[in-house]
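Structure, as structure tokens:
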């Protein structure tokens, strides 16, 4: 796994069985033990660095099946758009290479309910209240050729909390390997309490202006904390709504990434 431009205060990279591990990731064994004991280690990493990666914490078979179900829904929505029968809100999502999580299941596993059951304990500990998944949760496709053209395909630096205007915990699960041959995410590994100033012009985020953070700002303030993890099927990442991140598209990438952006907020 490639690790780059990484610095966490008072922490360092770990060597484990010949593999370099980032201090904000848990190996499969660590993640499964942590899950069985209440996810305290994951919560601690979120509180320190604003992000945690849990290796192979999910069933790769279920993840792959849900990914295939998401692909089928993308195909159905694309056909409906071509026929002019698509719901207007679904069309907005599809134009951004996204579809709603609801209605996607595989082998009797409902995607929304499954992700809530596994990861809501982490979000509840971070937010301090019972949580629910936000309706603004969806599957996304990203191609290496996508550009920051205002449709939210290859997203610029931003904070999700600025978009939703509420404290949240974001769960991000890829349905295939990414970060090397397929686009991943690049994140600031520092817990931030405040909103980072945004640009009034420039790249849009989900067709909305005024939400992107200038690359120069990120380099000036956070250059020594940036991390581009690589992911395998079954990996999951959680990060705070205040965590600055963007789509990572590197030279030489050739494959599509399909992933789920799943947001936890406090229950009403």
Per principal axis, largest first, the Cα atoms of the range 14-266 extend in Å by 52, 45, 40
By Cβ neighbour count within 10 Å, fewest first, 62, 99 rank 62, 99
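Can you tell me the order of 255-266, 113-124 when each peptide is scored by its average per-residue count of other Cβ atoms within 10 angstrom, highest first?
Values: 255-266: 21.2, 113-124: 19.0.
Result, highest mean Cβ count within 10 Å first: 255-266, 113-124.
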Run lengths n ≥ 4 of DSSP H only: what is the helix-derived mean residue ellipticity at 222 nm for the chain, with -39500 (n - 2.57) per run over all residues, to the nearest 500?
-9500 deg cm²/dmol
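Set the Förster distance to 41 Å, then compute FRET efficiency between residue 87 and residue 223 from the Cβ-Cβ distance, nearest 0.05.
Details: r = 43 Å, r/R0 = 1.04.
For R0 = 41 Å, the calculated efficiency reads 0.45.
What is the extension gain from residue 79 to residue 232, computed as 0.36 nm multiplied by their sequence separation minus the C-alpha to C-alpha distance, in nm to one decimal? Write down the numbers at each step before the final one.
Working: separation 153, 0.36 × 153 = 55.08 nm, distance 3.01 nm.
Extra length available between residue 79 and residue 232 comes to 52.1 nm.
Given 0.36 nm per residue, what is the gain on full extension from residue 33 to residue 250 after removing their alpha carbon distance, in nm? Don't skip to the answer; put the middle values down first.
Numbers: separation 217, 0.36 × 217 = 78.12 nm, distance 3.36 nm.
Result: 74.8 nm gained on full extension.
Please arrange 157, 172 by counting, for each residue, the other beta carbons lying within 10 Å of its beta carbon, fewest first. Spell out each step's value before the answer.
Numbers: 157 25, 172 22.
The fewest-first ordering by Cβ neighbours comes to 172, 157.
No value in this document is a laboratory result; all are computed from the given coordinates. Just so it is clear, the model here is predicted, and its values are computed rather than measured. For neighbour counting, all protein chains shown are included, and Cβ atoms are generated from backbone atoms with ideal geometry for every residue, glycine included.
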